[in-house]
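Novice: This is the structure, below, for whatever I ask next.
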Amino acid sequence: MKRNAAIIGVGQTPYLSRHDNTIPELSQQAALQALEMAGMTMDEIHAVVYSMAPSEFLGVNDPDKWSVSAVGGVNKPFMRVHTGGATGGSAAQAGFFHVASGLYDSVLVVGADKVRECKDSQQVLNTIWDPMYERQFGLTTIVMAALQAVRRIYKYKTTEEQMARVAVRNRLNALNNPVAHLKGNITVEEVMKSPYYAWPIKQYDTCPASAGGAAIVIVSEKKAKKLCTRPAWIKGCSGVANTVFMGDQMGGAAEMDYADWDELAIAAKEAYQQAGIVNPLKEIQVADVYAPFTVCELAIVEALGFCKKGESEKLNESSFFDMDGEIAISPSGGSLCTNAIAVTALARVCDAALQVLGKAAPKMQVKDVSNAVATGIGGSFQFHTMMVLGSDHN
């Protein structure tokens, strides 16, 4: 029988291009922050879920091995989770399952990344694709996003200026986030003048390569009520995978269009059902989403049910997704401003939880948040995670 579980502690280090701290140190810093907020010590944690994406970024063999002691994992159940960019969302899901199943009463979900530790992180990411079938086409993560953008341009008449406005809003939001990597009051014109990486994706349409750590503490209902006056209850949690082959994601047997993210819509439907959410736009106040490219956010908000397919471009031109709009999208600045890949999706959970806890940075806090959503994306846009957090449980 499923038990209620809640997030009562959140920790994040500042996100930078480079950190002098090691991966164990960054993980420990985030963990200690989360534990302090939760009013707990490492000795009170029953199990650890470690969020770690490709080891190749760090130039070492499986850094989770040398982080065990730093995060209090000695003599405790310890597991590493890895689903590419969605890793943090999948790790949070695993931590939730640990508690909701009744197996453990308190779980630490923690991880860190230093994407620039390797000589060429983009070269590492380019190995996602099958070497015999797709890699010969010159696919990269940036080309992957460009293909989606081209498809939306064809299907919905999306313009580059509409994508640019996503970057402008996220950078502006990030000014209120003390740990965000990229932030600033940029203009659409500045985005449009930034160099192309793969048409129509430009430099400012693209996320950074960040370094930093993140952590959450998930506990049972009994512990949550004892330790926290306003827990962030995990009301719904889901994840959906698709094939790694991008050609097969574009229609065919899957009957999906690459312009849209029907996989995320499937995950959202399941999470909403668990959470008792009937009208997402009316019942959710904040969505902190994993959009590593501007075009991704346009597809995400539609998949989450905040508007119909093809409507997000026009709504984004208004204040619909602003901090004081109909629904606040990524008040933290999201993945466009911070992307430490191993914990990027976990950071989305952190920031959504902070909104429900009422503990986000003062200017980042949205008023009267009762429900918030966090998403993750990984692989060749093939892994999607979804979590619904609320001020009360089902």
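The values are calculated or read from the model by the stated rules, or taken from the named source; none is laboratory data. Note that the structure is a prediction, hence the values are computed from the model and not measured. Note that each Cβ is placed from the backbone with ideal geometry, even for glycine, and that neighbours are counted across all protein chains shown.
Novice: Output the number of residues of the range 259-296 satisfying the condition of being part of a loop (DSSP other than H, G, I, E, B) and modelled with pLDDT of 95 or more.
Specialist: Of the residues in the range 259-296, 10 are part of a loop (DSSP other than H, G, I, E, B) and modelled with pLDDT of 95 or more.
Novice: Give the range 102-123 a look and list any residue that's farther than 30 Å from ALA224 by Cα and part of a strand (DSSP E or B), or say none.
Specialist: Listed by number, the list holds a single entry, LYS114.
Novice: When VAL168 is evaluated against the numbered criteria (1) touching a residue at least 40 places away in the same chain (Cβ under 8 Å); (2) surrounded by 20 or more Cβ atoms within 10 Å (Cβ to Cβ); (3) of a type in the set (A, V, I, L, M), which criterion, by number, is the only one it fails?
Specialist: (1)
Novice: While we're on this one: Any residue at all in the range 8-19 that's touching a Phe, Trp or Tyr at 6+ places or on another chain (Cβ under 7 Å), part of a strand (DSSP E or B) and either surrounded by 16 or more Cβ atoms within 10 Å (Cβ to Cβ) or touching a residue at least 12 places away in the same chain (Cβ under 8 Å) (or both)?
Specialist: No, every residue in the range 8-19 fails to be touching a Phe, Trp or Tyr at 6+ places or on another chain (Cβ under 7 Å), part of a strand (DSSP E or B) and either surrounded by 16 or more Cβ atoms within 10 Å (Cβ to Cβ) or touching a residue at least 12 places away in the same chain (Cβ under 8 Å) (or both).
Novice: Have a look at GLU326, GLU302, GLU313 and point out the one that is part of a loop (DSSP other than H, G, I, E, B), over 30 Å from ARG18 (Cα atoms) and more than 14 Å from the chain's Cα centre (by Cα).
Specialist: Among GLU326, GLU302, GLU313, only GLU326 is part of a loop (DSSP other than H, G, I, E, B), over 30 Å from ARG18 (Cα atoms) and more than 14 Å from the chain's Cα centre (by Cα).
Novice: I've got another one for you. Of the residues THR83, THR127, which single one is hydroxyl-bearing (Ser, Thr, Tyr), over 21 Å from ARG3 (Cα atoms) and out of contact with any strand residue (DSSP E or B) (no Cβ under 6 Å at 6 or more places or on another chain)?
Specialist: Just a single option satisfies the conditions, and that option is THR127.
Novice: Which residues, taken from the range 46-63, are out of contact with any Asp or Glu (no Cβ under 8 Å at 6 or more places or on another chain) and buried (at least 24 other Cβ atoms within 10 Å of the Cβ)?
Specialist: Selection gives VAL48, VAL49, SER51, PRO63.
Novice: While we're on this one: Hey, any hits in the range 239-250 for a residue that's farther than 21 Å from LEU139 by Cβ and in contact (Cβ under 8 Å) with a residue 60 or more places away in the chain?
Specialist: Scanning the range 239-250 turns up at least one residue that is farther than 21 Å from LEU139 by Cβ and in contact (Cβ under 8 Å) with a residue 60 or more places away in the chain.
Novice: Can you tell me which condition SER318 does not meet? The list is (1) surrounded by fewer than 21 Cβ atoms within 10 Å (Cβ to Cβ); (2) in contact with a Lys or Arg (Cβ under 6 Å, 6 or more places away or on another chain), and all the others hold.
Specialist: (2)
Novice: Looking at the range 149-252, what helices (runs of 4 or more DSSP H) fall wholly within it and have at least 2 residues that are over 19 Å from the mean Cα position of the chain (by Cα) and at pLDDT below 95?
Specialist: 246-249
Novice: Related question: Is it true that THR385 is crowded, with 19+ Cβ neighbours inside 10 Å, farther than 24 Å from GLN162 by Cα and not small (Gly, Ala, Ser)?
Specialist: yes
Novice: For GLY59, state whether it is touching a Cys at 6+ places or on another chain (Cβ under 7 Å) and either within 20 Å of LEU354 (Cα to Cα) or at pLDDT below 95 (or both).
Specialist: yes
Novice: Just to verify a result, which residue in the range 124-146, among those that are charged (D, E, K, R) and assigned to a loop (DSSP other than H, G, I, E, B), is farthest from LEU298 (Cα to Cα)?
Specialist: The residue in question is ASP130.
Novice: Of the residues that sit in the range 329-348 and are farther than 23 Å from ARG152 by Cα and part of a helix (DSSP H, G or I), which one is nearest to the chain's Cα centre (by Cα)?
Specialist: Going through the qualifying residues, I end up with ALA345.
Novice: Evaluate the range 355-378: report whether one residue or more is among the small types (Gly, Ala, Ser) and at pLDDT below 95.
Specialist: The answer is yes; a qualifying residue exists.
Matching residues to (1) surrounded by fewer than 16 Cβ atoms within 10 Å (Cβ to Cβ); (2) within 30 Å of SER106 (Cβ to Cβ); (3) of a type in the set (Lys, Arg):
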site: MET256; (1), (2), (3): no, no, no
site: ASP288; (1), (2), (3): no, yes, no
site: THR294; (1), (2), (3): no, no, no
site: VAL301; (1), (2), (3): no, no, no
site: LYS308; (1), (2), (3): yes, no, yes
site: GLU311; (1), (2), (3): yes, no, no
